[in-house]
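Presented below is the structure to which this report refers.
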2 protein chains.
Amino acid sequence: MPKTPLQLIQRCHSTPTVSCSQCRLASICLPISLHVEDVDRVDSIIQRGRPLQKGDYLYHAQDKFHAVYAVRSGTVKTIASTNDGKEQVTGFYLPGEILGLDGVATNVHTNSAIALETSAVCEIPFDKLDELGAHIPNLHRHMFRLMGREIGTEQQLITLLSKSNADERVATLLLSISSRNGRRNLSVTSFRLPMSRADLGNYLGLTVETVSRTLSRFQKQGLIEADKKEITITNLDALRKLADISLFDCA
Amino acid sequence: MPKTPLQLIQRCHSTPTVSCSQCRLASICLPISLHVEDVDRVDSIIQRGRPLQKGDYLYHAQDKFHAVYAVRSGTVKTIASTNDGKEQVTGFYLPGEILGLDGVATNVHTNSAIALETSAVCEIPFDKLDELGAHIPNLHRHMFRLMGREIGTEQQLITLLSKSNADERVATLLLSISSRNGRRNLSVTSFRLPMSRADLGNYLGLTVETVSRTLSRFQKQGLIEADKKEITITNLDALRKLADISLFDCA
DNA sequence: CGGCGCCTTGACTTGCATCAAAAGTAGTGG
DNA sequence: CCACTACTTTTGATGCAAGTCAAGGCGCCG
């Protein structure tokens, strides 16, 4: 069976030996403003572990915080548990994106991170990153920006949860995945949703049934084609009109 | 008419001349880990403006980001506007708390900040704070922690909006205000809600009517006494049981 | 082939929104 | 000081979007 371009790319990113300077995702994950030699210095502190299998934990809530993680391939979700046993999916992280910034405040992770499929991540020890910041002027700036982006993304989710109906929520999430694929030069109209309907609903504050119904309706209305997790957006403009865009554009 | 202790404290904090090392709120707003001389250096870059009147904007969305702000007295809310005209209240900031960290990511504020009552703030220029960080080892750490705390608070709000009913939301907010008052050594059982029912509902993803009804019911159930904005919690344990605590404890 | 997850679809219920109106409160100016 | 307006809060009546409960289908894997 021949490999699709997507699979080739993913295999490429999973290769544990590729350095930051050679990584196709560096423009997303690393600051553009770093000099070549600085990239190499960052590179030198990064640990590249073996891939995570679906369902594997990258870290658990209550674990001591010592590193942030860049997704190299696959997808990772983060979840927060309330003390009455409910779980909230707090984010989905695609290749090139950074997770683990919860925990900066208290030095303990408040979320757990779980691979949604076979995934590879780069581990970036936070204290070493901090030290390195003393010698690379833009690095602290970049880290602030990363955290700021997380804050912005979360505020958009808050607005979505607080003010939008099911249609707007689902449409917004589809467009978010779409545009984040675009940043990695993948198709914005045709992609695979890496998460289950249950995770999707959990993230969006909806039940599985509502997510399913909404997607079915979108399909009937000719906005998308959905075959299990494979999504094709057939009417991008209409979907954009449904979602309150401006949300998640740069997530 | 004699001044209540609360009024005296607030007057004290509004005094534009009080330095960080003399400020009662320093333990909340500044890192405990800073040395005395470092506090003075931070103090030297802080601008103290004249008080904001109710309704005054501290900054507008789209304003260039150049500073963060510490609330000295009063209360400030932040709001994000969606491009279809809706507004989302993204946070309430009480004395000692820091706002304005949106904007770090893009150097442009994404929220607007508005005084809910007569308020005084300290303006802390961000680039100077960043520079100072090169000489004060713990300062960057502290800034990371501040942003991390913001991320944590937002995740708790996300969980609240996504998983809780009206009772839990309102109860949680009351407890949040209560415990934040406690940090300032004010009463945890008796306080004034600085925001309108509309702002409260907006923040919690509820309508004004629902907030009002919920508070009325809490009162009938003997959980609180509510006289306009003056709230007295008469059954703290029951309220805690209603809310899923763990949320907002350290907000 | 059977069991187990995940997804979809239908029927019914419900918590909160919406609509409406009145009462309370604050602000303003004569 | 009161009259006037404008806003905020409360309370009631009604409707609806999404949740709940239930059943069946599909793909996957041992």
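Each reported figure results from applying straightforward, stated rules to the coordinates on display, with no laboratory input. Keep in mind that what you see is a predicted model, and the values were worked out from it rather than measured. Don't worry about glycine lacking a Cβ; one is built from the backbone with ideal geometry, like all the others, and counts go over all protein chains shown.
Taken together, the residues in the range A:67-99 that are within 11 Å of the chain's Cα centre (by Cα) and not hydroxyl-bearing (Ser, Thr, Tyr) amount to 14. Each residue in the range A:210-223 was checked for being within 26 Å of residue B:161 (Cβ to Cβ) and out of contact with any Gly (no Cβ under 8 Å at 6 or more places or on another chain), and 8 pass. For the range A:226-239, a residue qualifies if it is more than 16 Å from residue A:168 (Cα to Cα) and either within 14 Å of chain B (Cβ to nearest Cβ) or more than 15 Å from DNA strand D (Cβ to nearest atom) (or both), and the qualifying residues are A:231, A:232, A:234.
I'd like the full set of residues that are over 23 Å from residue A:34 (Cβ atoms) and of a type in the set (Asp, Glu), limited to the range A:143-164.
So the first thing to find is which residues in the range A:143-164 are over 23 Å from residue A:34 (Cβ atoms), and the list is A:154-164.
Matches in the range A:143-164: A:154 only.
Residue count for the range B:113-136 satisfying the condition of being surrounded by fewer than 16 Cβ atoms within 10 Å (Cβ to Cβ) and either touching a His at 6+ places or on another chain (Cβ under 8 Å) or within 11 Å of chain A (Cβ to nearest Cβ) (or both): 5.
Taking the criterion of being among the charged types (D, E, K, R) and in contact (Cβ under 8 Å) with a residue 24 or more places away in the chain, the residues of the range A:59-93 that qualify are A:63, A:64, A:72, A:77, A:87.
Number of residues in the range B:62-76 that are in a strand (DSSP E or B) and under 24 Å from residue B:127 (Cα atoms) equals 8.
Scanning the range A:55-76 for residues that are in contact with a helix residue (DSSP H, G or I) (Cβ under 7 Å, 6 or more places away or on another chain) and buried (at least 23 other Cβ atoms within 10 Å of the Cβ) yields A:70, A:72.
Take the conditions touching a residue at least 12 places away in the same chain (Cβ under 8 Å), over 21 Å from residue A:224 (Cβ atoms) and either facing another protein chain (nearest Cβ under 9 Å) or of a type in the set (Lys, Arg) (or both) and apply them to residue A:146. Does it pass? So that I can check it myself, show each step before the final result.
Numbers: touching a residue at least 12 places away in the same chain (Cβ under 8 Å): yes; over 21 Å from residue A:224 (Cβ atoms): yes; either facing another protein chain (nearest Cβ under 9 Å) or of a type in the set (Lys, Arg) (or both): yes.
Criteria met by residue A:146.
Do we have residue B:187 as away from chain A (no Cβ under 13 Å), touching a strand residue (DSSP E or B) at 6+ places or on another chain (Cβ under 8 Å) and free of Cβ contacts under 8 Å to residues at least 60 places away in the same chain here? Criteria not met by residue B:187.
Beta carbons closer than 7 Å, at least 6 apart along the sequence or on distinct chains, pair a first residue in the range B:211-222 that is more than 14 Å from chain A (Cβ to nearest Cβ) with a second that is of a type outside the set (A, V, I, L, M) and within 9 Å of DNA strand D (Cβ to nearest atom) for B:212/B:197.
Scan the range B:188-241 for residues that are among the hydroxyl-bearing types (Ser, Thr, Tyr) and over 21 Å from the mean Cα position of the chain (by Cα) and jot them down. Break it down stepwise before answering.
At the first step, the residues of the range B:188-241 found to be among the hydroxyl-bearing types (Ser, Thr, Tyr) are B:189-190, B:196, B:203, B:207, B:210, B:212, B:214, B:216, B:232, B:234.
B:207, B:210, B:212, B:214, B:216, B:234 - these are the residues of the range B:188-241 that are among the hydroxyl-bearing types (Ser, Thr, Tyr) and over 21 Å from the mean Cα position of the chain (by Cα).
Pairs meeting the criteria (first residue in the range A:191-208 and more than 17 Å from residue A:180 (Cα to Cα), second residue more than 8 Å from DNA strand C (Cβ to nearest atom) and among the hydroxyl-bearing types (Ser, Thr, Tyr), beta carbons under 6 Å, at least 6 apart or on different chains) are A:201/A:207; A:205/B:162.
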